[in-house]
Amino acid sequence: MEDVLPLRVGVVGLGLMGDVMVRAVQQRPDLELAYVSEADPGLGAEVAAAAGVPFVPAADAATSATLEATSADVVAIATPPPTHAPLAISALRAGRSVLCEKPMAMSAPEARAMAAAAQEAGRTAVVDHQLRFNPARIRLRELVADGYVGTPVHVSSVAYFPKLVDQPWTWWHRRDQGGGLLNEYGSHTVDLLRWILGEVAWATGALATVAGDRRARADGRVETVDSDDLAQLHLQFASGVTADVLMSAAPSYPERRLEIHGTGGSLVLGADDVITGTRRGQVPEEFRDLEPDPSLIGWADDTFTQPFVRLLDEFVRCVRTGETPSVASTFEDGWRTIEVLDQVRRSARGEGVA
């Protein structure tokens, strides 16, 4: 049987998620790092030298010339949000598949253009909404689909991030760079709820900056903060289910909880990834799906890292076979999620539901 050549992956952006992408590629025999690209040339050159691959300047990160010169099959994008659309569209038009970090884009029109480029290119294009691959969330979706809560009626989602109060200033604190909780965690939450409950008919919300509008950089310089660290969303699903979502840096303790209530019972997913289910008139029961996957030895058994590796499994298979992803969030899914976030932003500005 003829050996299958590894897919060659270019990783663009070497921050937290870019580092995860590089390491994930390096641990797989069916993948090969083609190049790395980074706006900080010092960091980019350092990572490239350690990996033994070319460093590509940010301006050339996904051009046809770069992709041809490096023989890259795939572009993995982990840069700040304003660059996602131009990078992804450039790579897709050059005939490459794309894995893009969330939020997918700065606006629904950008996301729609990305989805159109993917369809026209006929390539695999997915958004890194890796929570779809978290075992507890997979079980939660299955329980809802199997009728555990009866007909879903209402959802409550709470996430508290006290560490944001002490975080040094970065691009994340700039609204025009796509920073803020609505994009950072809201994109995950909306995508997950769409995956479990179907499309959102309309959304409203409010955004605020509660941890201060001035923040020091790591070097001591003080910068203005205008991104949100408190986001409240109200979602109305096409099915009639309603959802209230709160994300905030204001509380002094961390919390993450997702509740789904229906005509026959409730399911509560806690920060420990344990699901508590209660059918009406019965005692609560627990569902635990926390066993580490032996194939992921060496990775933290957490909510985000291992699910990314599982997402990568499906992405690679679909790139090779041309199949449509069955779990991963496609660019079409990403566009629908960004549409919901845009509705929340318009509502927060007092522009009403549209």
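Before we move on, is LEU131 within 16 Å of the chain's Cα centre (by Cα), hydrophobic (A, V, I, L, M, F, W, C) and closer than 26 Å to LEU312 by Cβ? Spell out how you get there, then give the answer.
Details: within 16 Å of the chain's Cα centre (by Cα): yes; hydrophobic (A, V, I, L, M, F, W, C): yes; closer than 26 Å to LEU312 by Cβ: yes.
Taking the combined requirement at face value, the residue satisfies it.
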**OP:** State all residues of the range 269-289 that are under 23 Å from LEU193 (Cβ atoms) and of a type in the set (A, V, I, L, M, F, W, C); if no residue qualifies, say none.
**Re:** LEU269, ALA271, VAL274, ILE275, PHE287
Original post:
From the residues in the range 45-60 that are over 16 Å from VAL25 (Cβ atoms) and among the small types (Gly, Ala, Ser), which one is surrounded by the most Cβ atoms within 10 Å (Cβ to Cβ)?
Top reply: ALA58
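Give the range 162-197 a look and list any residue that's in a loop (DSSP other than H, G, I, E, B) and either without any contact (Cβ under 8 Å) to a residue 40 or more places away in the chain or over 22 Å from LEU235 (Cα atoms) (or both), or say none.
Just the residues of the range 162-197 that are in a loop (DSSP other than H, G, I, E, B), to begin with: 167-170, 174, 178-180.
The answer is GLN167, PRO168, TRP169, THR170, ARG174.
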**OP:** Would you mind stating whether LEU87 is in contact with a strand residue (DSSP E or B) (Cβ under 6 Å, 6 or more places away or on another chain) and either free of Cβ contacts under 8 Å to residues at least 12 places away in the same chain or closer than 17 Å to ASP128 by Cα (or both)?
**Re:** yes
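Yes/no per residue for (1) within 30 Å of ASP176 (Cα to Cα); (2) assigned to a loop (DSSP other than H, G, I, E, B); (3) modelled with pLDDT under 95; (4) within 26 Å of the chain's Cα centre (by Cα):
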site: ASP219; (1), (2), (3), (4): yes, yes, yes, no
site: LEU233; (1), (2), (3), (4): yes, no, no, yes
site: MET247; (1), (2), (3), (4): yes, no, no, yes
site: TYR253; (1), (2), (3), (4): yes, yes, no, yes
site: ARG256; (1), (2), (3), (4): yes, no, no, yes
site: GLU259; (1), (2), (3), (4): no, no, no, yes
site: ALA271; (1), (2), (3), (4): no, yes, yes, yes
site: GLY277; (1), (2), (3), (4): no, no, no, no
site: VAL283; (1), (2), (3), (4): no, yes, no, no
Subject >> Lone qualifier among PHE161, PHE237 - being farther than 15 Å from VAL340 by Cα and modelled with pLDDT of 95 or more >> reply: PHE161
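Considering only residues that are of a type in the set (Val, Ile, Thr) and in contact (Cβ under 8 Å) with a residue 24 or more places away in the chain, look in the range 198-221 and name the one that is nearest to LEU341 (Cα to Cα). Give the steps one after another, and end with the answer.
Of the residues in the range 198-221, the ones of a type in the set (Val, Ile, Thr) are 200, 204, 209-210.
If we keep only those that are in contact (Cβ under 8 Å) with a residue 24 or more places away in the chain too, we end up with 200, 204, 210.
Values: VAL200: 11, THR204: 9, VAL210: 20 Å.
Once the filter is applied, the top-ranked residue is THR204.
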Subject >> Candidate set: the range 5-25, residues that are over 18 Å from GLN130 (Cβ atoms) and surrounded by fewer than 19 Cβ atoms within 10 Å (Cβ to Cβ); chosen: the one farthest from the chain's Cα centre (by Cα) >> reply: LEU5
**OP:** Taking only the range 20-37 into account, find how many residues are part of a helix (DSSP H, G or I) and touching a residue at least 24 places away in the same chain (Cβ under 8 Å).
**Re:** 6
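Could you go through the range 327-342 and let me know if any residue there is surrounded by 11 or more Cβ atoms within 10 Å (Cβ to Cβ), at pLDDT 90 or above, over 19 Å from the mean Cα position of the chain (by Cα) and part of a helix (DSSP H, G or I).
Here is the first cut: in the range 327-342, the residues surrounded by 11 or more Cβ atoms within 10 Å (Cβ to Cβ) are 327-342.
Now narrow it down to the ones that are at pLDDT 90 or above: 327-342.
From what's left, over 19 Å from the mean Cα position of the chain (by Cα): none.
Among the residues of the range 327-342, not one is surrounded by 11 or more Cβ atoms within 10 Å (Cβ to Cβ), at pLDDT 90 or above, over 19 Å from the mean Cα position of the chain (by Cα) and part of a helix (DSSP H, G or I), which makes the answer no.
Evaluate the range 38-51: report whether one residue or more is among the charged types (D, E, K, R), farther than 20 Å from ARG174 by Cα and in contact (Cβ under 8 Å) with a residue 60 or more places away in the chain. Explain how you work it out, then say what you get.
Here is the first cut: in the range 38-51, the ones among the charged types (D, E, K, R) are 38, 40, 46.
Filter once more, keeping what is farther than 20 Å from ARG174 by Cα: 46.
Next, only the ones that are in contact (Cβ under 8 Å) with a residue 60 or more places away in the chain stay: none.
There is no residue in the range 38-51 that is among the charged types (D, E, K, R), farther than 20 Å from ARG174 by Cα and in contact (Cβ under 8 Å) with a residue 60 or more places away in the chain.
In this structure, is GLU120 at pLDDT 95 or above and outside the structural domain of VAL268 (by TED's automatic domain parsing)? Before you say what the answer is, go through the steps one by one.
Working: at pLDDT 95 or above: yes; outside the structural domain of VAL268 (by TED's automatic domain parsing): yes.
So GLU120 passes the test.
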Original post:
Are any residues in the range 306-326 farther than 21 Å from LEU5 by Cα and over 15 Å from the mean Cα position of the chain (by Cα), and if so, which ones?
Top reply: THR324, PRO325, SER326
Original post:
What residue, among those in the range 147-161 that are part of a loop (DSSP other than H, G, I, E, B) and among the small types (Gly, Ala, Ser), is surrounded by the fewest Cβ atoms within 10 Å (Cβ to Cβ)?
Top reply: GLY147
Original post:
For LEU140, all conditions in the list (1) in the same structural domain as ASP176 (by TED's automatic domain parsing); (2) without any contact (Cβ under 8 Å) to a residue 60 or more places away in the chain hold save one; what is the number of the exception?
Top reply: (2)
Original post:
Name the strands (runs of 3 or more DSSP E) wholly within the range 54-124 that hold at least 1 residues that are under 18 Å from VAL9 (Cα atoms) and within 15 Å of the chain's Cα centre (by Cα)?
Top reply: 74-77, 97-100
**OP:** Could you check, for the range 177-200, whether at least one of its residues is surrounded by fewer than 17 Cβ atoms within 10 Å (Cβ to Cβ), over 23 Å from ASP272 (Cβ atoms) and either at pLDDT below 95 or assigned by TED's automatic domain parsing to the domain that holds ARG280 (or both)?
**Re:** yes
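The values are calculated or read from the model by the stated rules, or taken from the named source; none is laboratory data. Keep in mind that this is a model prediction, so the values were computed, not measured. Ideal geometry is used to build each Cβ from the backbone, glycine not excepted, and the neighbour counts take in all protein chains shown.
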